[in-house]
Amino acid sequence: MDTMPIEFSSQPGPRERHLQRKYRNPLFADADTIDAAQVRQAREQDEAELEHFLRYFRDLVQEAVELEPNSESDVILDIKERLDQSYVQCCALPGNHNEIKQAVNRLIEVIMAAVRQGAANDPVALGKLEEEDQARQLHNRLADEVFVADLILPESPIGQSELVPSLLSESQQAVAAALQLFDAEQLSTIYPEAKTLLEQTQQQGHALPEAQQRLQQIEAALAEATSQVTIN
């Protein structure tokens, strides 16, 4: 194993960030196997993805700018969907990309204005567009939390088997945002897995007070989601 000291980036991308999350963390089974070579490789992959994204986004912006006013709705909505995906992706990539996020929002606002104009005489369609816009804004607010962005990337570095230890390892704010991604049924699976994992880790001699607080967050989210299901 590489014995060189590990230095993580100040603004890592999703792969390096996940290794940082796992490093010397007893909640992860392979925490002790992480070495400097893995971190270097993850950083290189994140940086390569950033370069690819910047080229892709430049072309996407050009495509959006060149949209004709009478373009087919499926063409317009396809570009909007790719802009939405770009927002999430740039939230997760290394560095600060606030300018890109602002550009995405401006482009989507222009596109949605055109779509609304086309549906001006259809109140039902306008209502659906408003609901969709509110859902997009909530989605983007959640994605601004990098842990959420990591989770919802199409190729997330956080595998299904690592979801629970990741939730137990993040900050209160990050977990509060992430828990909004899950419904009552999913939380009813996550909570007992988290409880069992934490108990096992504590039995191995690891005191994890912050992970215990995250477990309580998950339990509260499950209780709230269950009560909403019961009310509905």
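All of the numbers you see were taken from the coordinates with simple rules; none came from a lab. Keep in mind it's a predicted model, so treat the numbers as computed, not measured. Backbone-built Cβ (ideal geometry, glycine too); neighbour counts: all protein chains shown.
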Diffing segment 49-56: the Karplus 3J(HN,Hα) column from phi (6.51, -1.76, 1.60, θ = phi - 60°), in whole Hz with x for Gly and Pro, holds 5, 4, 4, 5, 4, 4, 5, 4
Two-decimal Rg/Rh of segment 1-145 from alpha-carbon positions, Kirkwood Rh?
1.13
Qualifying lysines (Cα of each under 30 Å from Cα of K80; at least 8 residues distant if same chain):
K101, K128
Rounded if a/c is under 1.5, else prolate if a/b is larger than b/c, else oblate: which is segment 136-186, with a ≥ b ≥ c the root eigenvalues of its Cα gyration tensor?
rounded
In the chain, taking the dipole from +1 charges on Lys and Arg beta carbons and -1 charges on Asp and Glu beta carbons about the Cα centre, the listed residue (Y191, Q117, G205) farthest towards the positive end is G205
Might you report the magnitude of the Cβ-based charge dipole of the chain about its Cα centre, with Lys and Arg at +1 and Asp and Glu at -1, to the nearest 20 debye?
520
Taking +1 at the Cβ of each Lys and Arg and -1 at the Cβ of each Asp and Glu, which of V146, A176, L163 sits farthest along the dipole of segment 95-185 towards its positive end, judged by Cα position relative to the Cα centre?
V146
Taking Cα centroids, how far is segment 163-232 from segment 80-145 in Å?
29
Mind ranking 60-69, 188-197, 144-153 by how tightly packed they are, going by the mean number of other C-beta atoms within 10 angstrom, highest first?
144-153, 188-197, 60-69
Expected 222 nm ellipticity per residue - DSSP helices of 4 or more, -39500 (n - 2.57), all of the chain, to 500
-23500 deg cm²/dmol
Just how far, in whole angstrom, is segment 41-64 from segment 9-34 if you go by their alpha carbon centroids?
23
Can you find, among T230, L126, I79, the residue farthest towards the positive end of the dipole of the chain? Put +1 on the C-beta of Lys and Arg, -1 on that of Asp and Glu.
T230
